[in-house]
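The values are calculated or read from the model by the stated rules, or taken from the named source; none is laboratory data. What you are looking at is a predicted structure, and each value in this text was computed from that prediction instead of being measured. Ideal geometry is used to build each Cβ from the backbone, glycine not excepted, and the neighbour counts take in all protein chains shown. Accessible surface is based on the protein model in full, side chains and every heavy atom, while ligands, DNA and RNA are left aside. Shrake-Rupley method; radii C 1.70, N 1.55, O 1.52, S 1.80 Å.
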Amino acid sequence: MKRIMGFLPLIAICMCSAALAKSPFDGTWRLNVGKSQLTGDTMRFEDGGNGTLKYTDSTESYTFEPDGSSFKTPIGDEEAYQKTSNNGYTHTIRRSGLLLVTEAWKLSPDGNTVVIESKGTRPNGDTFDDYETFVRTSAGTGLVGRWKSTRVKATAPNTLTIQTAEKNDVTLTISAAKATVQGQWNGRDYPYRGPTVPVGATLALSKTGARGFKAVMKLNGRVVQTLRFSVAADGQSMVNEGTDDHGKKLPFRQVWDKQS
């Protein structure tokens, strides 16, 4: 799954550099879960034949057997699904050998709701225990069908720090993920590195006005998502929204409160 913790690390960006020039982005920001729109994610399962299932979301699509065997996804993750009961599954995601998350899936008796509990430890040592509820939006049995996220309970909200440099330089460091990018505000692709960052990931940053900037994430040259950040006129909050690789608007809207 690519919901709360997954392949969208841009929403946890922490931008740091030895800044000499102040900008509206400078400071420490904390995600306000209560004000943010975190639901609306969608996923689809299809019968892949011979006991397999095909999974599709806005990022990728793959086919797997729910027997606990490990397989590699298009973005390079090592995943495994294990059917534990008629209504239960365990799902694990690893990246570069590091366990990112362990999920417990539970289907309701009527098959119209699935609750996913996600547990894990981030590279910086922070632990999380998140819940997300999906409701069925199409006919199907078991996991087969279309699903939409309607409720999210997220723990350990992300904090980001932003500083800009005098010569258009910028260093992005996501403290929770220990991931960094060193580049400039020029819209060019720069390597995005960290223990949980997929190999071949890049970020391109560009300012979109006095109080806004754009971040484009690519994987092996292909756009994965584009996020646009804007700081409020009073400088005390910041909002980010985005689009997927096809330019379709993502359902998420995150609100960040300035801490300092």
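Overview of values
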| item | result |
| --- | --- |
| The range 81-130-the range 232-249 distance, computed between alpha-carbon centres (Å) | 28 |
| Protection proxy ranking, peptides 161-168, 212-219, average beta carbon neighbours within 10 Å, highest first | 212-219, 161-168 |
| Over the chain, relative contact order from alpha-carbon pairs under 8 Å, at least 6 apart, % | 22 |
| Probe 1.4 Å, accessible area per residue of the chain, Å² | 46 |
| Pairwise label distance in nanometres, ARG30 with GLU60, each label 7 Å out on the Cα-Cβ vector | 3.3 |
| Rule-of-thumb Rg ratio for the range 96-199 [Cα; 2.2 N^0.38 Å; N residues] | 1.46 |
| Pair ASN87, LYS153: separation of 7 Å Cα→Cβ label points (nm) | 1.7 |
| Over 22 Å [Cα-Cα, the range 152-233], rounded percent | 27 |
| Accessible area of the range 136-260 belonging to carbon and sulfur atoms, whole % at 1.4 Å probe | 47 |
| Computed magnitude of the charge dipole of the range 74-187 (debye, nearest 20; Cβ of K, R +1, Cβ of D, E -1) | 260 |
| Highest to lowest packing among 98-105, 200-207, 148-155, scored as the average C-beta count within 10 Å | 200-207, 98-105, 148-155 |
| Net lengthening on full extension, LYS119/HIS246 (0.36 nm per residue, minus Cα-Cα) | 42.7 nm |
| Rg over Rh [alpha-carbon atoms, Kirkwood Rh] for the chain | 0.98 |
| The range 57-164, relative contact order [Cα under 8 Å, separation at least 6], % | 14 |
| Estimated FRET transfer efficiency when R0 is 22 angstrom, pair ASN186-GLU166 (beta carbons, to 0.05) | 0.90 |
| Distance in nm between pseudo-label sites at THR208 and ARG193 (7 Å out along the Cβ direction from Cα) | 2.9 |
| Reach of LYS153 by Cα under 17 Å, taken over lysines that are not fewer than 8 positions away in the same chain | LYS2, LYS35, LYS106, LYS119 |
| Förster-model FRET efficiency, 25 Å R0, ASP110 and SER69, C-beta, rounded to 0.05 | 0.25 |
| Contour excess over end-to-end distance, with Cα ends at SER96 and ARG253 and 0.36 nm allotted per residue | 53.6 nm |
| Long-range HN-HN contacts of ILE174 with modeled amide H, under 5 Å | CYS14, ALA179, THR180 |
